[in-house]
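S.K.: So that we are looking at the same thing, I have put the structure below in structure tokens.
The values are calculated or read from the model by the stated rules, or taken from the named source; none is laboratory data. What you see is a predicted model, and the numbers here were worked out from it, not measured in a lab. Cβ: placed from backbone, ideal geometry, glycine included. Neighbour counts: every protein chain shown.
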Amino acid sequence: MVRPDFAVWLASSSVPSAGNEWQYPSNNQTYAIRQQYNKVASLATPHATDTSEVCRRCLAPYRYNFDPKNPRFTRPAGLVAMDANYKRPSSYQVNFGVQQQFGRSTAPSLSYVGSLTRELPLFFEHNYPSITSVIQQQTLLPILMIEGRFNPEALRAIRL
Amino acid sequence: LKTVYVIESGQTSNDNDLQVTLDQRMTKNISRQGFYTWSKTIWIAYMANNTFPERI
């Protein structure tokens, strides 16, 4: 007796490896401005206790009182934007298998499982030097660490 | 600006698994099963604009 089985799944946007890309890194909401405070005096109120960075009379977390007659821009520490060609992540999963019984007591089976994910989001830091410029200048060492993490592309630049 | 991140659709992953299983019934109440699984995953990150990516 031969017993086959198969199934196909399609999942959109709920890819486990993608996570919630709009919340990463912390407070980097898309198109939002993130301020940086270097002298945090209290984690409970990180932007209201250090008078050298923030004025006491200002409405936290803003660094100044807004005046329509004298508008000022807030200096951001970071910016996150979406690419114009951003696409929704998707995941395709397929499996099939076959089982055959030999005699009364033996049944071997062969099964395949495939999981294909497409259009997963990727953060690009546009303020870092490009690999091409690093290779061309050759006097610069590739950046081995990016924000405390090892950068595997540095090895790629060395190999090239 | 300290950091300027742009979220792009730059990653792809392919996961392929193949499993061979053998079921054998030894007695009325006892059976045994053996299996071998071959698995391979390829993760691709596209280097758009030649900048360094940060995978999430």
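S.K.: Could you list, in sequence order, the residues of the range A:95-104 that are at the interface with chain B (Cβ under 10 Å from one of its Cβ atoms) and surrounded by 14 or more Cβ atoms within 10 Å (Cβ to Cβ)?
M.R.: Once the filter is applied, which keeps residues that are at the interface with chain B (Cβ under 10 Å from one of its Cβ atoms) and surrounded by 14 or more Cβ atoms within 10 Å (Cβ to Cβ), the range A:95-104 yields A:Asn95, A:Gly97, A:Gln99, A:Gln101.
S.K.: I've got another one for you. Mind counting the residues in the range B:32-56 that are within 8 Å of chain A (Cβ to nearest Cβ) and modelled with pLDDT of 95 or more?
M.R.: 0
S.K.: Same structure again: Any residue in the range A:114-136 that is modelled with pLDDT of 85 or more, farther than 23 Å from B:Tyr5 by Cβ and of a type outside the set (A, V, I, L, M)?
M.R.: Yes, the range A:114-136 has at least one match.
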